[in-house]
1. Per-residue HN-Hα couplings for segment 95-102, Karplus 6.51 cos²θ - 1.76 cosθ + 1.60 at θ = phi - 60°, whole Hz, x for Gly and Pro?
2. Indicate the gyration tensor shape class of segment 160-266 (rounded, prolate or oblate), computed on the Cα atoms with a ≥ b ≥ c the square roots of the eigenvalues: a/c under 1.5 is rounded; otherwise a/b larger than b/c is prolate and the rest oblate.
3. At q = 0.21, 0.27, 0.32 Å⁻¹, what base-10 log of I(q)/I(0) does the Debye formula yield for segment 164-209 when every alpha carbon is treated as an equal point scatterer in vacuo?
4. Would you compute, for the Cα atoms of segment 63-206, the largest minus smallest coordinate along each principal axis and list the three values in descending order, in whole Å?
5. Run the simple label-point estimate for residue 90 and residue 172 please: 7 Å along Cα→C-beta, distance reported in nm.
6. Using modelled amide H (1.01 Å from N, peptide plane; none on Pro or chain starts), what sits under 5 Å from the amide H of residue 264, excluding residues fewer than 5 places away?
7. Normalise the Cα radius of gyration of segment 52-144 by 2.2 N^0.38 Å (N = residues in it) and let me know the number.
8. Applying the Karplus parametrisation 6.51 cos²θ - 1.76 cosθ + 1.60 with θ = phi - 60° to the phi angles of segment 205-222, what ³J(HN,Hα) value in whole Hz is obtained for each residue in order, glycine and proline being reported as x?
Amino acid sequence: MAVMMTSLFLLSCGSNPSAKTGNLQETKAEEDLITVGFSQIGAESDWRLACTESVESAFTTENGFNLIFDDGQQKQENQLKAIREFIDMDVDYIILDPITEEGWDSALQEAKEAGIPVIIVDRQISVKDDSLYTAWVGADFRTEGDRAVGWLSTVLASQKGFINFVHIQGTTGATAQIGRTEALKDGIVNHNRWVLLAREDADFVQAKGREVMEDFLKRYGSRINVCYCENDNEAYGALQAISAAGYRAGQDIDQGEILVVSFDATRQGLRYTMDGSISMNMECNPLFGPKLTEVVKALNRGEAVNRITYMEEQQFVHDDALQSFRYDGNAYPLTTVTEDVLAGRKY
């Protein structure tokens, strides 16, 4: 990585082969590109991979960009280092997908002093000076959580007695974790028959999701009625643990099934929603690329941009009662649902 970043630094300073050989046309073409440094959290989930692919597909040389990508490998210190390297390269813009909300003030102050606009994507940040970043593009995570809890409220309304929840959280301090967790916390408070048995962080990772659910099942077994997972990969792990322990996922909690709720609505997550393993899957749209290019191009033209841009998202439901799979206002009979229903999904 150090060698690659050094070469990129030299390129940004004009030490490129075309300049040395006198190919002025090629040099001019490179100078016309908008250079963008993108610090990504990592590659911990299907959703994250789709997010990265969307950005890389949008910020191409054909679209007028030179994209410099850095994988933070799930560590904030790596992302802070990448931001400072982007500043040294004198990139035109920085895009940051922050692993947590806190701890960005110093690095972003350096970017501001260097005159480099910073665009935050996906998760949000908490800084003392909001002028340290120019715009944010992402999902309304609290609304996602509220929609999931609202659906649970409707589905569980006819159940008698107490309803026991286990909660598999995402990375502590991440905006998605905060919004989805707060929604469930309020749901528990507002429903006097909802009981939270346990809550634990699994970092949005499948393997940790399985470990956490295995522990929950050892501790609580058949008492568990609902498993609230904060992303699809955690849900995959939870489903593996449920099956391995001899339990079933589904909506018939009176018969011992465990109702699983998830977020992201990836292609694989929706397959599990179709077969009823996941009962409700709230979309978190990762296809930020086109929105981000619009923001950067507008800024490059000297135009004002929206401070906040929310992505459009849907709710996907496996309906046991009606034997249907519902989304986007439509209901598809389970007997006729095929991969064709997901043909338009890009992640």
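1. Along segment 95-102, the couplings run 10, 10, 9, x, 5, 9, 7, 9 Hz.
2. Taking the square roots of the gyration eigenvalues as a ≥ b ≥ c, segment 160-266 is oblate.
3. Results for segment 164-209 at q = 0.21, 0.27, 0.32 Å⁻¹ read -0.70, -0.98, -1.14.
4. 62, 33, 23
5. For residue 90 paired with residue 172, the spin-label model returns 4.3 nm.
6. 282, 283, 284
7. Output field value: 1.07.
8. Along segment 205-222, the couplings run 10, 4, 4, 6, x, 5, 4, 5, 5, 4, 5, 4, 5, 5, 7, 10, x, 6 Hz.
Every number in this text was worked out from the coordinates using simple rules, so none of it is lab data. Values in this document were obtained by computation on a predicted structure and should not be read as measured data. Here the Cβ is made from the backbone with ideal geometry for all residues, glycine too, and neighbour counts use every protein chain on show.
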